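The values are calculated or read from the model by the stated rules, or taken from the named source; none is laboratory data. Worth saying up front: this structure is predicted, and the values here are computed from it rather than measured. Every residue, glycine among them, receives a Cβ derived from its backbone with ideal geometry; neighbour counts consider all protein chains shown. Remember, those area values only see protein heavy atoms, side chains included, never the ligands or the DNA or RNA. Shrake-Rupley method; radii C 1.70, N 1.55, O 1.52, S 1.80 Å.
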Amino acid sequence: MTRTRQLKNGRPLLPEGWTSFSSQPDGNDAAHWYATSPYPVDALKAEYGRTALPLCRTVAAATWSELHAQVAGQAELYEQLTGGTGE
């Protein structure tokens, strides 16, 4: 099970290895949060087929809490596929 890491600036940290960044708002769009996966997504999709299709290299959300929830789902699927072994 993926655990929430400590809070930073009042927000839960993403699981180890995930990298986050945000866009700057402009006249048409609000800022968004993004996170990149530490997993070899293409290799996992090749190995596990349809079961791994929901895995993404990058996830995006309008808020930090939405991003955190999406990353948690990605991490949980990864752990289900690999048994958390990192392979």
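Quick check on the chain: take the gyration tensor over C-alpha atoms, sort the square-rooted eigenvalues as a ≥ b ≥ c, and tell me if it's rounded (a/c under 1.5), prolate or oblate. Cα axes put the chain in the oblate bin. About its Cα centre, the stretch 17-81 has a charge dipole of approximately 140 debye under the convention of +1 per Lys or Arg Cβ and -1 per Asp or Glu Cβ, with nothing else charged. Extension gain, Thr19 to Glu47: 0.36 nm times the residue separation minus the Cα-Cα distance gives 7.7 nm. Using a probe radius of 1.4 angstrom, the carbon and sulfur fraction of the accessible surface of the chain is 49%. Accessible area per residue for the chain, computed on protein heavy atoms with a 1.4 Å probe, is 67 Å². Ellipticity at 222 nm from helices only: DSSP H runs of n ≥ 4 in the chain, each -39500 (n - 2.57), divided by the residue count, give -10000 deg cm²/dmol.
The long axis of helix 64-82 is offset from the longest Cα principal axis of the chain by roughly 10 degrees.
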